[in-house]
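In what follows, a structure is listed as structure tokens, so that the remarks can point back to it.
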Amino acid sequence: MITGKIESIQDSKSGKTVSVKVNGKYYSCSDFTIKNAPIGSEIAFETSESQYGDVTINWLNDWSVGEKPANAPSPSAPTTTTTSDYVDRWYMPFVSNTVAHAIQSQAITQPTEIEKWARAAKSAAFNLERKGSDADSDVGF
């Protein structure tokens, strides 16, 4: 069991995990509720490692957060994104993957085309969501 103080919490570049800095070292966490932990609080956690190509990822697992220290400053504005922002933007991984594949296949050749593709992918995601809730839908999910 490792213990320390939370120095920062932020979304990973992909948005699929949260990056948590504890005692000067960064850990990845797939549990987005850690974003509710106050900066400066004590945390106890287990770790594990995984390989992604040549990169070793340190995972923060089975964690618990103690109280925020009395002398820790209170931020005047939120420093992290709330969980509700992810619920509202559930379609973003789909949009990102669609745009990435369009770039890879050279369907997108100019930066000005990215927004058009992103808007179309978002629209498709919402249309699939609406059809998926309809019992007569031709989409089977």
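Nothing in this text is a laboratory measurement; each read-out follows from the coordinates by a stated rule. As the structure is a prediction and not an experimental result, all values here were calculated from the model. Cβ sites come from the backbone with ideal geometry, for glycine too, and all protein chains shown count toward neighbours.
Below 8 Å between Cα atoms, with a sequence gap of 6+, how large is the relative contact order for the range 90-132 in percent?
Values: 22 pairs, mean separation 21.7, N = 43.
Contact order relative to length: 50 percent.
Which links in K13/K116; K21/K122; K13/K122 stretch past 27 Å when you go from one Cα to the other? Please list the in-between numbers first.
Numbers: K13/K116 22 Å; K21/K122 33 Å; K13/K122 20 Å.
With Cα atoms farther than 27 Å apart: K21/K122.
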Exercise for review: Two decimals is fine: what's Rg over Rh for the range 90-132, C-alpha atoms, Kirkwood radius as Rh?
Suggested key: 1.01
Review point. In Å and whole numbers, how far do the C-alpha atoms of the range 2-67 stretch along each principal axis, longest first?
Key: 37, 22, 19
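As an exercise, identify the trypsin sites (Lys or Arg not before Pro) in the range 1-55 lying in DSSP coil whose Cβ has no more than 14 other Cβ atoms within 10 Å. Present the calculation step by step, with values, prior to reporting the outcome.
Numbers: sites: K5, K13, K16, K21, K25, K35; in loops: K13, K16.
Sites meeting the loop and neighbour criteria: K13, K16.
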